[in-house]
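The block underneath contains the structure these notes are about, expressed in structure tokens.
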Amino acid sequence: MNTPVPTPPSNRSHGALSTRFSQRFGLRLPVALAPMALASGGALSAACAQAGALGLVGGGYGDLDWTRREYTLARQLGAAAQAEARIGCGFITWKLDQDASALDWLLDQADEALPRALMLSFGDPRPYAARLQARRIPLICQVQRLEQVPQALEAGAEIIVAQGAEAGGHGMNSLNGRATFTLVPELADWLAAHAPATLLLAAGGVADGRGLAAALALGADGALVGSRLWASAESLAPAGAKAQAQASTGDGTARSEVFDILRRKNWPAPYDFRALRNPLHRQWESRIEALRAAPEAARAAYDQGVAAGDFNAAHATVGEAVGLIHDCPPAAELLQRMAEQAQMLRKA
Ligand SMILES: Cc1cc2nc3c(=O)[nH]c(=O)nc-3n(C[C@H](O)[C@H](O)[C@H](O)COP(=O)(O)O)c2cc1C
């Protein structure tokens, strides 16, 4: 399964994986790097773009300095590999509502330096629609439920990402979250009936060629991949977190508000967060209200863990796909493996 395969010549395309999404963005495989806050930096985004995927820089909470630095790096590295046309960016929408300076900076770029696509997740994208349209930037909206799709289409989304609750990082809590395996075909049917030109990506649990082939079989035009590319050589995730993830199985994650409270992130309901279920998480997961009421001691333990690189306390953000992650190679190798396996399955 994880036998290393040679990196492909940069111009090789994966014919059986050609989809509306790959054609629309000039990709060699129908995959987008998830814009993972603090992990999808310039090097990872450029590596994915060079390998033929759409490389979305993780603008996350909209830190202007971080976004400027990493997006600029992605474009520089991408230009050196003639892949800058596959570099985009993503933001957390509710956070943009408080501070949109990083988005403002991106939208002020010269035409040739604009992101190839912009992804908005977790909030109402409509306030940003006109400015994106004015700069002709394709909008990608990540949703977790069918009922969110009309709002995304009203905002002009060209691409809907259907995110299942298996996904790493933020998503909908257990009362509201859906599974990738049912959400994707339901959205594919809905879009075919109501907005047939809109493209669909599956997110949540796609970590190898089986997942990519399954996403296509379920009716998606491609996949948005987070966790698997988080565990790559170029990802900015801490080495200790990547090591902890490789030692875990897919049973080892949980979705809750624990780490958002510990990290002082005021995420709005109904979102919560999937990460490795480490000892500090276990200590508080059944006492969320107590943690919320008096978080100081737990926050001190968490802060100490972060400072020491101790992931028994600090969080390692990864989804259920962690059980399929056994190494941490360059992104190009991961994407090549994924493409070859998916292509084989599509032809079978
Ligand atoms: C480390 C990490 C950070 C993430 N940060 C963001 C983010 O800032 N914005 C966003 O839209 N999604 C974020 N996500 C969720 C991804 O967009 C995507 O839905 C998810 O990674 C797909 O599931 P997978 O992890 O199983 O591939 C993050 C995911 C991970 C693993």
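The values are calculated or read from the model by the stated rules, or taken from the named source; none is laboratory data. Predicted, not measured: the structure shown is a model, and the values here were computed from it. Quick reminder, even Gly has a Cβ in these numbers, built from the backbone with ideal geometry, and neighbours come from all protein chains shown. Protein only, heavy atoms only, side chains kept; ligands, DNA and RNA dropped before computing areas. Shrake-Rupley method; radii C 1.70, N 1.55, O 1.52, S 1.80 Å.
Computed values, structure above
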| read-out | value |
| --- | --- |
| Geometric extent, Cα atoms of the chain - Rg, Dmax (angstrom) | 18.8, 56 |
| Carbon plus sulfur fraction of accessible area for the chain, probe 1.4 Å, in percent | 52 percent |
| Rounded if a/c under 1.5, otherwise prolate or oblate - the stretch 156-284, Cα gyration tensor axes | prolate |
| Relative contact order %, the chain, counting alpha carbon pairs below 8 Å whose residues are six or more apart | 18 percent |
| Solvent exposure, largest accessible area first (probe 1.4 Å, DNA, RNA and ligands not counted), of ILE288, ILE140 | ILE288, ILE140 |
| Aspartates and glutamates with Cα under 12 Å of LYS265, excluding same-chain neighbours fewer than 8 positions away | GLU257 |
| Estimated dipole of the chain in Debye, rounded to 20 [Cβ of Lys and Arg +1, of Asp and Glu -1, Cα centre] | 500 debye |
| Estimated FRET transfer efficiency (ASN312, ARG68; beta-carbon r; R0 30 Å; 0.05) | 0.30 |
| Rounded to the nearest 10 Å², the accessible area of HIS326 at probe 1.4 Å | 110 Å² |
| Loop-resident sites, the stretch 240-348, for GluC sites (Glu not before Pro), counting at most 15 other Cβ within 10 Å (DSSP) | GLU285 |
| Nearest-20 debye value, the stretch 65-122 charge dipole, Cβ charges on Lys, Arg, Asp, Glu | 240 debye |
| Accessible area per residue in Å² at 1.4 Å probe, computed on the chain | 40 Å² |
| Alpha carbon centroid spacing (whole Å) that separates the stretch 145-170 from the stretch 55-125 | 19 Å |
| Positive dipole terminus of the chain, leading residue within LEU175, VAL149, LEU199 (C-beta point charges) | LEU199 |
| Dipole magnitude of the stretch 239-308 about its Cα centre (Cβ charges: Lys, Arg +1; Asp, Glu -1), debye to nearest 20 | 120 debye |
